[in-house]
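Notes follow once the structure below has been shown.
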Amino acid sequence: MIRRRWGENNMLLSDLVYLNAQKRPHKTAVSCDGESFTSQEFYGRINRLANALLKLCERGDRVAVLQENSSQYFEAYFGIPAAGMVLNHINYRLSPREMAHVINHAQAKALILGDNFVDAMEPLRDSLETVENFICVGEPRPGMLNYEEMLEDSSDAEPGLDLKDTDLAWLMYTSGTTGFPKGVMCTHKSLIAGVHSTMLETPCSEEDVFLNVFPLCHMASYSAMVALHHGCKVIISPRFDPRNVLETIQNQRVTNISLAPTMINFVLEYPGIDDYDTSTLSCIRYGASPIPENVLRKGIKRFGSIFHQGYGMTETCSAVTLLKPSEHIVDGTEKETRRLRSCGKPVLTAVLRVVKDDGTDVKPDEIGEIIIRGDMLTTGYWHNPEATAEALRDGWLHSGDLGTMDEDGYIYIVERKKDMIITGAENVYPNEVETAIYTHPAVMDAAVIGLPDDTWGEMVTAVVVLRDGESATEEDIIDFCRNHMAGYKKPKKVFFTDELPRNPSGKVLRKELREKYGTSA
């Protein structure tokens, strides 16, 4: 067993893997697409990756990764920071030109490409201004280094660098739901603080089997690091598919899983769901976007009281609130069932406040901006001091999320500040309207946006996906909403589509909807 050289500094990201290898070296740690590695093998591979990169790049360089989920991507979580370099996550849902923009903004020196992205990026290769080394995962490609060959030619010994926990480990770009993505800087310290914070309050043990279906390019996949540190077997699903999720739960006896609300909805709607044995599930974690209450209730009815919600953002490197299974009360008092619409209470290591524009705390159930303090916070935005100064003030992260806190300390997310619709001087929160639309029996998915209106300033507009075989008209949806909310909140226009644009975490890209339907209103 390779000995870890401990210095005066706190833990590094690679230590999460080292400690697991030390305690349970021969236990399966990571599995993906039929390929598995023990804890000791996985630790050796992250060291091989680190040593291979040190032959190509300098300490502090950014190494971009463009892949769908794989064991190699999960290795990069730890191996790139172990080399003193910075993992630059690339959202594979972006267009090639948008990807190139992010890579150039990060000034990446190397690019690790999944085999299925090589052809898409080839025409833009010359436009990648700082990339000096192209590394392909999969079949060898002309003019590219091969990932596995690099690892074979490198040592599995720890690089032995004098790294600090305040060193930058990841550069993860925001989802860009309200504008162009910003590079969120995550240190070893902030990422480990997020992992430990979740471990304190999340049920898990080394006997559990964790299934990760969130894209590894998204912060929500930090849950896979939590599971690994717990000693679980971590199964990496290459991509989300409801049938594959159900089959994996049944065949691999999965006990823990993380899903976005839209993923939960698709699993629940999958034909033949009851043909699969999901009895081993003991915890379903969800987050990354608000969940419609009727979807949550349906999920609890199908899987039991095993749901565990977390609220966080890229800038918090983890969840900062949790709503535990015992707090998911379907049949109870009005006060208890209302909590299904909350995201829980702050975790033990984070402080949350809900404040007015002047920075003073709002009263219970009044709406204000959620601000956050804790060791898990980002240190700022890459090469963007203006955005950093706006978001981080006096040690508090200003989230841009509007919410309320009730008298018992439960947080309720109302809306992104920039997504709030102002119509006729009245504030309308899209989540509220979407929740009502979701209860229509013909509706599978829905999003609400504000579009310019000469009379009212903005017009409440719904974009709806209908269930297979169901039908509804614009007037049906509007009339349905009229019976559920104040008149000024109901949609004045409804568009129908086959699919809503979402980022990898499941958040609706309202910006794209506004651009698409803004000329049609």
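The values are calculated or read from the model by the stated rules, or taken from the named source; none is laboratory data. Since the model is a prediction, treat every value here as computed from it, not as a measurement. Here the Cβ positions follow ideal geometry from the backbone for every residue, glycine too, while neighbour counts run over all protein chains shown.
Some points to look at:
Per-residue answers, yes or no, for (1) modelled with pLDDT under 95; (2) in contact with a helix residue (DSSP H, G or I) (Cβ under 7 Å, 6 or more places away or on another chain); (3) over 21 Å from Asp277 (Cβ atoms):
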residue: Leu211; (1), (2), (3): no, yes, no
residue: Cys217; (1), (2), (3): yes, no, yes
residue: Ala220; (1), (2), (3): yes, no, yes
residue: Val226; (1), (2), (3): no, yes, yes
residue: Ile236; (1), (2), (3): no, yes, yes
residue: Arg239; (1), (2), (3): yes, no, yes
residue: Thr248; (1), (2), (3): no, no, no
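- Note on region 314-343: residues that are outside any loop (DSSP other than H, G, I, E, B) and within 18 Å of the chain's Cα centre (by Cα) amount to 9.
Here is a yes/no grid of residues against (1) farther than 27 Å from Gln252 by Cβ; (2) out of contact with any helix residue (DSSP H, G or I) (no Cβ under 7 Å at 6 or more places or on another chain):
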residue: Cys57; (1), (2): yes, yes
residue: Val65; (1), (2): no, no
residue: Glu75; (1), (2): no, no
residue: Phe78; (1), (2): no, no
residue: Ile90; (1), (2): yes, no
residue: His101; (1), (2): yes, yes
residue: Leu111; (1), (2): yes, no
residue: Pro123; (1), (2): yes, yes
residue: Val131; (1), (2): yes, no
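- All conditions in (1) touching a residue at least 12 places away in the same chain (Cβ under 8 Å); (2) at negative phi hold for Asp274, with the sole exception of (1).
- Residue count for region 125-171, restricted to those that are in a loop (DSSP other than H, G, I, E, B) and of a type in the set (Asp, Glu): 9.
- One residue stands out among those in region 436-448 that are among the hydrophobic types (A, V, I, L, M, F, W, C) and at pLDDT 90 or above: the one that is surrounded by the fewest Cβ atoms within 10 Å (Cβ to Cβ), which is Ala442.
- Test: residue in region 509-518 that is of a type in the set (Lys, Arg), farther than 30 Å from Met313 by Cα and outside the structural domain of Met172 (by TED's automatic domain parsing): no
- Being under 21 Å from the mean Cα position of the chain (by Cα), crowded, with 21+ Cβ neighbours inside 10 Å and at pLDDT 95 or above is a property that Val63 has.
- Test result for His484, in contact with a Ser or Thr (Cβ under 9 Å, 6 or more places away or on another chain) and either of a type in the set (Lys, Arg) or assigned to a loop (DSSP other than H, G, I, E, B) (or both): yes
- Subset of region 372-412 (residues that are farther than 15 Å from Gly312 by Cβ and part of a loop (DSSP other than H, G, I, E, B)): Thr379, Trp382, His383, Asn384, Asp394, Gly395, Asp406, Glu407, Asp408, Gly409, Tyr410
- Top-ranked residue in region 116-132 [being among the acidic types (Asp, Glu) and free of Cβ contacts under 8 Å to residues at least 24 places away in the same chain; ranked as nearest to Arg239 (Cα to Cα)]: Asp119
- For region 422-435, a tally of residues being crowded, with 21+ Cβ neighbours inside 10 Å and over 25 Å from the mean Cα position of the chain (by Cα) returns 1.
- In region 385-410, the residue that is nearest to the chain's Cα centre (by Cα) out of those that are of a type outside the set (Gly, Ala, Ser) and surrounded by fewer than 16 Cβ atoms within 10 Å (Cβ to Cβ) is Glu390.
- When Val464, Val494, Val448 are checked against the criterion of being within 30 Å of His89 (Cα to Cα), part of a strand (DSSP E or B), touching a residue at least 12 places away in the same chain (Cβ under 8 Å) and of a type outside the set (Asp, Glu), Val448 stands alone in meeting it.
- His188 meets the conditions (1) closer than 12 Å to Leu12 by Cβ; (2) modelled with pLDDT under 95 in every case but one. The failed one is (2).
- Within region 355-371, the only residue that satisfies the criterion of being part of a strand (DSSP E or B) and in contact with a Ser or Thr (Cβ under 6 Å, 6 or more places away or on another chain) is Ile370.
- For Asp277: the one exception among (1) surrounded by fewer than 23 Cβ atoms within 10 Å (Cβ to Cβ); (2) closer than 30 Å to Gly400 by Cα: (2)
- Selection status of Val433, among the β-branched types (Val, Ile, Thr), within 30 Å of Pro271 (Cβ to Cβ) and outside any loop (DSSP other than H, G, I, E, B): yes
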